[in-house]
């Protein structure tokens, strides 16, 4: 338990540093975007490659991946039912709402929490791979059809998934892990050095975004916002726990699966919502509320299962 508290304290203090630097005007949106892009395109792929490449991931990924998939699809299905029968959302709006309900922030928050709370970045890999290779391309396909009326090609969807640097870093690390290969020292040392910038840059950028970002508001029905928030913050970790227990997962592996499912909605959902002009307020407010709720929820999970 002390390790969990120390891990959250470490993460919280670095996020607070980012918020403080934004508050005094030292960092703004320009710097926030630079730090986020640096972490996303450079630091995080290197971190995933080096960490997963040195970790035996066979058992963790098999059950973790199944629990992550079932939990994400279950809460998305519940939201889609309401979107169709109650709020009568368009396909594009419903896709954003479904992502808000079950697409976790496995990058900006998942990697630091996996490193400092769970003790191994590899615990974030199954969720990242599922989201980047399956859920995101599927949602983008729906959004493309909703906006243009034209069905995107399979090659375009595959190209979109495989062009994501986090996907490439995780797959490269998984390849090293499964084959037992290692990077040569001349390449491995600089990659490890670059990987060290990922988590600090992510957390500082996240703190800046929390300080400068907008608050809750808009024309989204309260019941719909409450649904996406509850599904993400409570429903997904509960489903993940049930599936993991059915699969016989116990101990620290069970904690890792449930904690990853309890992470807040990912920030890039708002990017997709803005790009396609679909359910932007719903995405923004769900991200904000689930981010606020994730700390007490994850702490509770850590106390019960840790």
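The values are calculated or read from the model by the stated rules, or taken from the named source; none is laboratory data. Quantities reported herein were computed from a predicted structural model and do not represent experimental measurements. Glycine gets a Cβ as well: all are built from the backbone with ideal geometry, and neighbour counts include every protein chain shown.
So here's what we get for this one:
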| read-out | value |
| --- | --- |
| Of the criteria (1) assigned to a helix (DSSP H, G or I); (2) under 15 Å from the mean Cα position of the chain (by Cα), which one residue 108 fails | (1) |
| Region 195-206, residues that are farther than 14 Å from residue 30 by Cα and part of a helix (DSSP H, G or I) | 195, 198, 199, 200, 202, 203 |
| Subset of region 211-227 (residues that are in contact with a helix residue (DSSP H, G or I) (Cβ under 6 Å, 6 or more places away or on another chain) and surrounded by fewer than 16 Cβ atoms within 10 Å (Cβ to Cβ)) | 212, 216, 218 |
| Matching residues, region 83-104, being surrounded by fewer than 19 Cβ atoms within 10 Å (Cβ to Cβ) and part of a helix (DSSP H, G or I) | 84, 85, 91 |
| Pairs with Cβ under 7 Å, 6+ apart, first in region 185-205 and in contact (Cβ under 8 Å) with a residue 60 or more places away in the chain and at negative phi, second crowded, with 16+ Cβ neighbours inside 10 Å and not in a helix (DSSP H, G or I) | 191/183; 202/108 |
| Single residue of 201, 261, 230 found to be in contact with a helix residue (DSSP H, G or I) (Cβ under 6 Å, 6 or more places away or on another chain), closer than 27 Å to residue 97 by Cβ and at pLDDT 85 or above | 261 |
| Residue match in region 239-249 (condition: touching a helix residue (DSSP H, G or I) at 6+ places or on another chain (Cβ under 7 Å), part of a helix (DSSP H, G or I), closer than 26 Å to residue 147 by Cα and in contact (Cβ under 8 Å) with a residue 24 or more places away in the chain) | no |
| Odd one out for residue 129 among (1) surrounded by fewer than 24 Cβ atoms within 10 Å (Cβ to Cβ); (2) within 15 Å of the chain's Cα centre (by Cα); (3) at pLDDT 85 or above | (3) |
